[in-house]
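Here is the structure we will look at.
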Amino acid sequence: MQILVTGGAGFIGTKLAEELVKRGNLVKIFDDLSSGRISNISHLIKTGAVEFIKGDIRDFSAIKEAGSGCDLIYHLAAQSLVPFSMERPDLDMEINIKGTLNVLMVAKELMSKVVFTSSSTVYGNAVRIPTPEDEVLIPYSFYGLSKMAAEHYCRIYSEHFNVPTVVLRLFNVYGPRNNKGLMIDLYRKLLRDQKRLELLGTGNQLKDYLYIDDAVEALMIAPDKAICKGETYNIGSGESFTVFQIAELMLEILGLKDVEIVARGGKAWLGDVELTRPDVSKAERELGWKAKVDIKEGLTKTLMWFEEKFGRIPGAKTLH
Ligand SMILES: NC(=O)c1ccc[n+]([C@@H]2O[C@H](COP(=O)([O-])OP(=O)(O)OC[C@H]3O[C@@H](n4cnc5c(N)ncnc54)[C@H](O)[C@@H]3O)[C@@H](O)[C@H]2O)c1
């Protein structure tokens with residue numbers, strides 16, 4: 001099968017493209033390389049099974065051309081940072097809403113299926129914990145708002161134009177190649193200072209962390225198992241940890257004993273949702289998907305990648 005992956009040079013897209021190729025598919029990657037890297041996918045391009053197309057998701061004709069011959073579109077290309085969305089809501093809207101609409105317009109012409117990567121941020125500060133998919137959506141950031149709008153575009157394209165769509169609400173995805181978020185922030189700080197580790201916010205933010213392989217497995221399963229009428233699924237581990245707990249576990253894995261963990265206090269960043277814990281039973285029931293990798297195993301693999309990429313933290317155990 002020929003498959004289009006928008007945002008395929010990014011963190012999740014690269015791993016997804018790898019898996020699609022492994023399972024015998026031909027993949028077109030469409031990405032403007034604003035945060036993705038060609039070095040992430042050069043090994044895939046070399047196989048001949050992946051074609052790279054540099055383009056902007058806001059450019060309808062460019063996506064239309066890239067999509068030709070594709071029965072399935074994974075739409076991952078996005079402005080993916082909450083803080084950036086608070087600084088530039090205009091760009092966030094253009095990329096995340098108009099970009100998704102462009103993908104759906106192309107899918108309508110081609111009658112191809114769309115898998116859309118939404119986010120836990122659509123819930124905002126959810127009232128129901130664990131949070132089921134039918135919770136009222138009150139996003140707390142422009143990023144959450146643009147993802148929510150894009151979700152509805154998917155649903156309406158399914159309802160009125162029979163474009164098959166499925167929406168996966170991903171929680172915090174981490175793993176090798178992750179170049180943003182809590183874990184890389186802590187690793188970089190430890191590289192600079194092995195005595196004091198500063199946490200953003202109170203340290204008590206309690207969030208769901210999902211290992212990349214589990215996220216990609218959900219993406220692989222969804223187009224076949226979901227009804228594809230704009231259905232939404234929570235894709236998280238179902239287990240939440242505080243920032244303090246993640247920092248402590250990281251120090252334990254690295255064998256670093258004399259590090260003082262200090263919380264800076266206040267809000268980590270504008271628009272941050274401090275408590276996420278999804279109800280993941282719908283994905284288990286309807287997709288037959290459940291996260292398999294526990295936090296210690298996932299974090300160890302992530303730290304091994306950081307060690308390879310950024311070097312070993314002085315005084316830390318070698319993980320390789
Ligand atoms: N990583 C997470 O924890 C997480 C959680 C929830 C949802 N998501 C969503 O999953 C998707 C993938 O996330 P990721 O972590 O791999 O992010 P990422 O930033 O690594 O990947 C996004 C990719 O989109 C590309 N891109 C950005 N703007 C573009 C544009 N205008 N035109 C074409 N390409 C463009 C970037 O270059 C990048 O390669 C995104 O839609 C993101 O919002 C991620």
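Rule-based calculations on the coordinates, nothing more; no lab input. Keep in mind that what you see is a predicted model, and the values were worked out from it rather than measured. For neighbour counting, all protein chains shown are included, and Cβ atoms are generated from backbone atoms with ideal geometry for every residue, glycine included.
Things to note:
- Kirkwood Rh (inverse of mean 1/r, distinct Cα pairs), segment 2-68, angstrom: 11.5
- FRET efficiency, residue 202 to residue 45 (Cβ-Cβ, R0 30 Å, nearest 0.05): 0.10
- Efficiency of FRET from Cβ geometry, residue 34 and residue 1, R₀ 30 Å, rounded to 0.05: 0.60
- Residues listed by number, segment 5-27, amide nitrogen under 17 Å from residue 71 label point at 7 Å toward C-beta: 5, 20-27
- Proximal charge balance of residue 132 [Cβ under 9 Å; K/R count +1, D/E count -1]: -2
- The Rg/Rh ratio for segment 54-196 is 1.03, where Rg is the radius of gyration of the alpha carbons and Rh is the Kirkwood radius.
- The calculated P(r) of the chain, using every Cα pair and 10 Å bins from 0, goes 6, 27, 36, 23, 8, 1, 0 in percent.
- Modelled label reach - residue 252, point 7 Å along Cα→Cβ, segment 274-299 residues with backbone N closer than 15 Å: 294-299
- Two-site label geometry, residue 310 and residue 160: point separation in nm, points 7 Å out along Cα→Cβ: 4.6
- Net +/- balance of residues flanking residue 277 in space, Cβ distance below 12 Å, scoring K and R +1, D and E -1: -3
- Degrees, to the nearest 10: 295-310 long Cα axis against longest axis of the chain: 90
- Dividing the convex hull volume of the alpha carbon atoms of segment 234-295 by its residue count gives 92 Å³ per residue.
- A simple spin-label model places pseudo-atoms 7 Å from Cα toward Cβ; at residue 60 and residue 294 they are separated by 5.2 nm.
- Annotation: amide H of residue 229 within the under-5 Å range of 165, sequence separation 5 or more or interchain, hydrogens built in the peptide plane.
- Amide H to amide H, with H built 1.01 Å from N, residue 196 comes under 5 Å of 260, counting only residues 5 or more places away or on other chains.
- As a calculated quantity, the FRET efficiency between residue 88 and residue 285 at R0 = 35 Å, using C-beta atoms, amounts to about 0.35.
- Among 85, 143, 1 the positive-end extreme of the charge dipole of segment 1-157 (Cβ point charges): 1
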